[in-house]
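The values are calculated or read from the model by the stated rules, or taken from the named source; none is laboratory data. As the structure is a computational prediction, the values presented were derived from the model and not from experiment. When we count neighbours, we look across all protein chains shown, and the Cβ atoms used for this are built from the backbone with ideal geometry, even at glycine.
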Amino acid sequence: MTVSPLSATSPSDSSRHDSPRLLADIGGTNARFALESGPGRIEAIDVLPCAGYPTLAEAMRAYLALPAPAAIITGAGGAVRHAAIAIANPVTGDMVRMTNHHWEFSTEALRREMGFEVFAVANDFSALAMSLPHLAPHEKHQVGGGAPVAGEPIGLVGAGTGLGVSGLIPAGGDWTALRSEGGHVTFAPANETEVAILQYAWREFAHVSAERLLSGAGLELVYRALAHHRGQPDEGLGAPDISRRGLSGACPLCAEVLETFCGMLGTIAGNLAVTLGAQGGVYIGGGIVPRLGERFGLSCFRNRFEQKGRFAGYLAQVPTYVITAEYPAFIGVSAILAGKLAR
């Protein structure tokens, strides 16, 4: 994987690129690793299951010992001095405790344990947001109309193990990524069916956040709620089966779950657009939507995105994009590390 040199990479930073940099994108399910062997040159990408390692440090060591990264490191002198990770969690101080996995660590202690000179830790959606200005046309797919306005805020939302939210705010010729936990806002239903889903979800959770419904576990909760609401059997399906059966047309109830999910996501994305004034566009990341393929573009997502009464015309001008790049967070986390090294 090779990307264009990032705006955060300065000449002084390039001169310090004298050893491979470890990059990581840590989600609740998988830990994705890569080495940046030169400015914009990201390679030796591998994905390890978080559940397979008791700590993040052990997952890092396991990756670095794999043949491809080990060969790059050996050829460059045998050391990784700089590293940066994006993690699916709030990053507000030295201690990081993952919301959707059991890993926890002190950033400084992990830096010392791994022998890094510089170690940056960022929220995963802040890092993903930093990648957005660098995505090539083939790495995103527009859904609906609208056109981006240069230099205006950009929104980002994505459903996977959880629901991530961020955005980019223009700042003096560069961008500032928001450290948002917007996935945990209170869910707001937009029609009677969603009211019934919310009422069902209240049986399980005192607070029903957007993430409770717009995530992998959320697909399962929406399935249970709709089965109850429609008086249909609950077969106890997991998210992969719900998606597979819904996309194939084998299960009308599963198809309704997917359509409901897309509508809810449209409302959340529209909320983000009007909150940020995101005339630069709203991007959809995460693991779920890309797997829906053409079904997402044919869903009610865009209609619900624009369904804001007096602001429907405003939102009709805001483009929405599905991120199709396979590992976009590496681009963002590289930019964050380059910026830290340039200081």
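Considering only region 308-319, how many residues are outside any loop (DSSP other than H, G, I, E, B) and within 25 Å of the chain's Cα centre (by Cα)?
Summing the residues that are outside any loop (DSSP other than H, G, I, E, B) and within 25 Å of the chain's Cα centre (by Cα) in region 308-319 gives 2.
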Residues of region 325-343 being more than 20 Å from the chain's Cα centre (by Cα) and surrounded by 15 or more Cβ atoms within 10 Å (Cβ to Cβ), which ones?
ALA338, GLY339, LYS340, LEU341
Which ones in region 118-138 are surrounded by fewer than 17 Cβ atoms within 10 Å (Cβ to Cβ) and modelled with pLDDT under 95?
PRO133, ALA136, PRO137, HIS138
Lone unmet requirement of (1) surrounded by 16 or more Cβ atoms within 10 Å (Cβ to Cβ); (2) assigned to a helix (DSSP H, G or I) for VAL322
(2)
For region 272-295 the number of residues that are buried (at least 22 other Cβ atoms within 10 Å of the Cβ), within 17 Å of SER215 (Cα to Cα) and not aliphatic (A, V, I, L, M) is 3
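Quickly run through region 241-253 and pick out the residues that are part of a helix (DSSP H, G or I), of a type outside the set (Lys, Arg) and surrounded by fewer than 24 Cβ atoms within 10 Å (Cβ to Cβ).
Initially, region 241-253 is screened for residues part of a helix (DSSP H, G or I), giving 241-248, 252-253.
The next check asks that each one be of a type outside the set (Lys, Arg); those that pass are 241-243, 246-248, 252-253.
Listed by number, the residues that qualify are ASP241, ILE242, SER243, LEU247, SER248, PRO252, LEU253.
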Every residue from region 210-235 that is part of a loop (DSSP other than H, G, I, E, B), free of Cβ contacts under 8 Å to residues at least 40 places away in the same chain and either of a type in the set (S, T, N, Q) or under 18 Å from ARG291 (Cβ atoms) (or both):
GLN232
Do we find a residue being in a loop (DSSP other than H, G, I, E, B) and either acidic (Asp, Glu) or in contact with a His (Cβ under 9 Å, 6 or more places away or on another chain) (or both) anywhere in region 116-131?
yes
What is the one condition in (1) crowded, with 17+ Cβ neighbours inside 10 Å; (2) among the polar types (S, T, N, Q); (3) not in a loop (DSSP other than H, G, I, E, B) that GLN142 does not satisfy?
(1)
Among the listed residues ALA269, ALA225, ALA210, identify the single one that is closer than 27 Å to PRO137 by Cβ and surrounded by 22 or more Cβ atoms within 10 Å (Cβ to Cβ).
ALA269
Given the conditions (1) in contact with a helix residue (DSSP H, G or I) (Cβ under 7 Å, 6 or more places away or on another chain); (2) closer than 26 Å to SER131 by Cβ; (3) of a type outside the set (Gly, Ala, Ser); (4) surrounded by fewer than 23 Cβ atoms within 10 Å (Cβ to Cβ), report the number of the one that LEU219 does not fulfil.
(4)
Just checking: which of the helices (runs of 4 or more DSSP H) contained wholly in region 11-101 hold 3 or more residues that are at pLDDT 95 or above and surrounded by fewer than 19 Cβ atoms within 10 Å (Cβ to Cβ)?
56-64, 67-75
